[in-house]
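The values are calculated or read from the model by the stated rules, or taken from the named source; none is laboratory data. Because the structure is a prediction, the values reported are computed rather than measured. A quick note on method: Cβ atoms are made from the backbone with ideal geometry, for glycine too, and the neighbour counts reach across all protein chains shown. Note: accessible area is taken over every heavy atom of the protein model, side chains too, but ligands, DNA and RNA are not part of it. Shrake-Rupley method; radii C 1.70, N 1.55, O 1.52, S 1.80 Å.
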Amino acid sequence: IEYKETSITTQKEQSLFLGHEDGDLLTGKKVLIVDDVISTGESLKAVQGLVKAFKGNIVASCAPLAEGDADDIVFLERLPLFFK
């Protein structure tokens with residue numbers, strides 16, 4: 001299964017893939033998604049899309065650090081946003 005997203009770090013469309021060998025293990029399972037830093041949430045949405053495609057049940061999404069509006073995930077600390 002392929003899920004496309006636009007990365008804030010590369011400014012290009014990227015594809016995430018998950019094959020049936022691993023993806024089928026998610027079917028009917030409770031899934032916790034852990035990311036390092038949430039910025040725009042696009043990578044998180046891509047992983048959520050892959051989990052949902054294999055009928056996994058996402059119980060929570062979390063990260064140690066979050067930037068901007070991260071109200072729908074669990075995080076430990078908010079990073080400040082700097083603008084040029």
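Once you put a point 7 Å from the Cα of Leu65 and another 7 Å from the Cα of Gln14, both along the Cβ direction, what distance in nm separates them?
Placing both labels 7 Å beyond Cα along the Cβ direction yields 1.6 nm.
Quick one: grab Rg to one decimal and Dmax as a whole number for segment 1-44, Cα atoms only, in Å.
That works out to 12.4, 34 Å for Rg and Dmax.
Rounded to the nearest 5, what % of DSSP beta bridges with both residues in the chain are antiparallel?
The answer is about 30 percent antiparallel.
Heads up, I need the accessible area for Asp72: 1.4 angstrom probe, whole protein in place, Å², nearest 10.
Here the accessible area works out near 130 Å².
Modelled label-to-label distance, Ile73 and Glu42, 7 Å Cα→beta-carbon offset: nm?
Each label point lies 7 Å from its Cα, and together they span 1.4 nm.
Once neighbouring chains are kept in place and the probe is 1.4 Å, which whole percent of the accessible area of the chain is contributed by carbon and sulfur? Could the numbers behind the result be given before it?
Numbers: 3350 of 6060 Å².
Result for the chain: 55 percent of the exposed heavy-atom area is carbon or sulfur.
So, for the chain, what is the accessible surface per residue at a probe of 1.4 Å, expressed in square angstrom?
Ligands and nucleic acids excluded, the figure is 72 Å² per residue.
Students sometimes get this wrong: rank Lys52, Lys45 by accessible area, probe 1.4 Å, all chains present, largest first. Show your work: numbers first, answer last.
Numbers: Lys52 130, Lys45 100 Å².
Largest accessible area first, the residues go Lys52, Lys45.
What is the extension gain from Lys55 to Val34, computed as 0.36 nm multiplied by their sequence separation minus the C-alpha to C-alpha distance, in nm to one decimal?
So the chain would gain 5.8 nm between Lys55 and Val34.
Give me the lysines in straight-line cross-link reach of Lys55: C-alpha distance below 19 Å, same-chain residues under 8 apart excluded.
Cross-link targets: Lys4, Lys29, Lys30, Lys45.
Rounded to a whole number of µm²/s, how large is the Stokes-Einstein D of the chain at 37 °C and 0.692 mPa s, given Rh as the Kirkwood radius over C-alpha pairs?
240 µm²/s
Run the helix sum for the chain: -39,500 (n - 2.57) per DSSP H stretch of 4+ residues, divided by residue count, reported at 222 nm to the nearest 500 deg cm²/dmol. Write out the running numbers ahead of the final one.
Details: 2 runs with 16 residues, N = 84.
Computed mean residue ellipticity for the chain: -5000 deg cm²/dmol.
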